[in-house]
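Every read-out reported here was derived from the displayed coordinates using simple, explicitly stated rules and does not represent laboratory data. It should be emphasised that the depicted structure is a prediction, and the values quoted were computed from it without experimental measurement. Don't worry about glycine lacking a Cβ; one is built from the backbone with ideal geometry, like all the others, and counts go over all protein chains shown.
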Amino acid sequence: MTVDQFREILRRDVVEGAKALLGATLVRGGLTARIVETEAYRSDDDPASHCFHGRTPRNWPMYLDAGFAYVYFNYGVHWMLNVSAHEEGDGSGILIRAAQPLSGLEEMRERRGTELDRNLLSGPGKLAKAFSLDGSYNGLDLLCPSDLSQIHLVPPAEPAEYTATERIGLAIGKGHDYPWRFVDAARSEWASR
DNA sequence: AAAATGATGCTCT
DNA sequence: GAGCATCATTTTC
């Protein structure tokens, strides 16, 4: 799949985009990982979305065209990486929740302070820490082939088989029962619990 | 195995 | 001032 085809999928529908993101490769420098767990957050009718109440100084990258990074700080502790979806002006996005480490494992172990590879990227905060992501990555185009310096996504070779479940950590009545969390069925051992 | 807890800080009301 | 799209550690069954 080409980068342009991939961006078009993300542009069309955030839920389909969350499924399509499974199997994509996240790259930053010598670090690479295969995405195995995602969650869709839709702007207009999803109470759990940061954009449910409209545009704010924090969530502006979600309103960019599909394929841009929204990196925000949460719980006073963790950075989270999201990929914007839908067209410019729509605040939908996809949270990258977990990945399978492929290269740069030693650097990841060092940053995460663990030797257990299974725990390196098995959660959104863990992934951001292992990749050393912070607010400076906010608003970057993750699919721009000419800007490979910082961070980017490589589209999957083929669609992954997935299982859908309820999203994690949401209050009841706030869209907690939407089945918008997707896990790569063949690699669930790398997902969060 | 599951539940409780504390750390920690930014955003929006 | 409340509420988080969390994690690691400790405590309890």
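Rounded is the label for chain A, because the ratio a/c of its alpha-carbon gyration tensor axes (a ≥ b ≥ c) stays below 1.5. The alpha carbon centroids of the stretch A:124-193 and the stretch A:101-115 are separated by 18 Å. Partners of A:LYS129 within straight-line reach, counting aspartates and glutamates whose Cα lies under 16 Å from its Cα and excluding those fewer than 8 residues away in the same chain: A:GLU106, A:GLU107, A:GLU110, A:GLU115, A:ASP117.
The distance from the alpha carbon centre of the stretch A:9-40 to that of the stretch A:57-88 is 14 Å, rounded to a whole number.
Highest mean packing comes first when the peptides A:78-91, A:132-145 are listed by Cβ atoms within 10 Å, giving A:78-91, A:132-145.
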